[in-house]
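Have a look at the structure below, then the notes.
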Amino acid sequence: FGGKDWREQHLASEDGPLFAFIERVRAKLPAPPARVFIVADAAYFRGRGAYHLYPHNVFFDPSNNTLPAATSLKPGDFLVVYQRRGLQFNAEERRLRWDGSPAIAAEALLVEPGAALFKIL
């Protein structure tokens, strides 16, 4: 890390790809405090992703690989997905669903291989 600024150090660390993705997510979010839910199959990515998203109001399950109930999400909330299986997004209908839950209205703001940012409508 010698000679690198704080951003370069984060990019060179073990969670560099996550940090780079979260930078792109932050560029799409409104000014804090937005309600942001982050999900990932790995607890490490949920926790580190939440850390990089503060000072937004970030919600994640630190010990279980669960998603929020679809009924707990409100219009204007954001859902950050990083290396999490089981979500399905229909771009034509703008509907998002997971784990057998009812589909909810959402807009894909950022889609990358294995990662996405959705705004709940």
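The values are calculated or read from the model by the stated rules, or taken from the named source; none is laboratory data. In this text, all values refer to a predicted model and were calculated from it rather than measured experimentally. Here the Cβ is made from the backbone with ideal geometry for all residues, glycine too, and neighbour counts use every protein chain on show. Ligands, DNA and RNA are excluded from the accessible area calculation, which covers all protein heavy atoms including side chains. Shrake-Rupley method; radii C 1.70, N 1.55, O 1.52, S 1.80 Å.
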Report every pair of residues separated by at least 6 positions or lying on different chains whose Cβ atoms are under 9 Å apart, first residue within region 98-121 and within 21 Å of LEU18 (Cα to Cα), second of a type in the set (S, T, N, Q) and surrounded by 13 or more Cβ atoms within 10 Å (Cβ to Cβ). GLY114/GLN83; ALA115/GLN83
What are the pairs, 6+ residues apart or on separate chains, where a residue within region 39-52 that is farther than 17 Å from ASP77 by Cα has its Cβ under 8 Å from a residue that is aliphatic (A, V, I, L, M) and surrounded by fewer than 20 Cβ atoms within 10 Å (Cβ to Cβ)? none
Of the residues in region 97-121, those that are open to solvent by less than 70 Å² (accessible area, probe 1.4 Å), under 20 Å from ASP61 (Cβ atoms) and over 14 Å from the mean Cα position of the chain (by Cα) number 3
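Tell me the residue from PHE37, PHE89 that is surrounded by 13 or more Cβ atoms within 10 Å (Cβ to Cβ), more than 13 Å from the chain's Cα centre (by Cα) and not in a loop (DSSP other than H, G, I, E, B), please. Spell out the reasoning first.
Details: PHE37 fails: more than 13 Å from the chain's Cα centre (by Cα).
None of the other options fit; the residue is PHE89.
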Failed condition for LEU67, given (1) open to solvent by less than 70 Å² (accessible area, probe 1.4 Å); (2) at pLDDT 95 or above; (3) touching a strand residue (DSSP E or B) at 6+ places or on another chain (Cβ under 6 Å): (2)
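Conditions tested, residue by residue: (1) touching a residue at least 40 places away in the same chain (Cβ under 8 Å); (2) closer than 17 Å to ALA115 by Cβ; (3) open to solvent by less than 70 Å² (accessible area, probe 1.4 Å).
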{"site": "GLY3", "(1), (2), (3)": "no, no, no"}
{"site": "ALA20", "(1), (2), (3)": "no, yes, yes"}
{"site": "SER63", "(1), (2), (3)": "no, no, no"}
{"site": "LEU73", "(1), (2), (3)": "yes, no, yes"}
{"site": "VAL81", "(1), (2), (3)": "yes, yes, yes"}
